[in-house]
Amino acid sequence: MHHGTRSAARLVAGTGLLGALALVLSLLESALPPVTALPPGAKLGLSNIAVLYAVQCLGGFPAVCVALVKGVFAGLTRGGAAFIMSTSGGLLSTAVMTLFSRSKRPSFGLLGLGVAGGVAHNLGQLLAACLITTQAAVWYAPLLIGFGVLFGAVTGTILRVTMPAIKRLLPPSAGATAGGPHMPPRPGKGRGEVK
């Protein structure tokens, strides 16, 4: 089999596995006891870990596919409004994280991407809620931004800890094929080699 074909197959397989992981994390989060203190639309967003991994290691398009899988699952399990809000938040979050992942600032790591994605996800859902319900939903913006920062930091931290385990789930070279430029640099590699 041609190398390019094998690479594409690994990328598709990796995207599919991340989509499945997003669904498992969504089911896990739905099984957790609800927190009554949270405003409407605010939740931990464990499934965003899979999207963030896709952004960082596979690239923007696979991450969009994972976000769409999440949106379709939300629609099938919770109805049309959930599909619109989940998809809106997921696509905006993916676009923002993809843009920031290409930033040349070395300090913008998984934690920063998680925060940016969490805030963008909540704002995307808020915009969708204003369109399909009432514009009064905009009053939730400060709370949703605050929870987006908090929960985004949590998902970014969780991914940082679980990154090695997730890599073992994916086909070999799936991340290096399409998302090489997005891979986080390894300490000591490529620095100080030329004196």
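Of all the listed residues (P172, P142, P164, P185), the sole one being at pLDDT 85 or above and closer than 30 Å to T5 by Cβ is P164. Taking A74, is it modelled with pLDDT of 95 or more, among the hydrophobic types (A, V, I, L, M, F, W, C), surrounded by 21 or more Cβ atoms within 10 Å (Cβ to Cβ) and not in a loop (DSSP other than H, G, I, E, B)? No, not satisfied.
None of T155, T94, T98, T87 is in contact with a helix residue (DSSP H, G or I) (Cβ under 6 Å, 6 or more places away or on another chain), surrounded by 15 or more Cβ atoms within 10 Å (Cβ to Cβ), over 23 Å from E29 (Cα atoms) and in contact (Cβ under 8 Å) with a residue 12 or more places away in the chain except T98. Identify, please: which residue in the range 131-157 is among the aromatic types (F, W, Y) and over 14 Å from the mean Cα position of the chain (by Cα) and is, among those, farthest from V115 (Cα to Cα)? In this case the residue turns out to be W139.
The values are calculated or read from the model by the stated rules, or taken from the named source; none is laboratory data. These figures come from a predicted structure and were not determined experimentally. Note: ideal-geometry Cβ built from the backbone for every residue, glycine included; neighbour counts use all protein chains shown.
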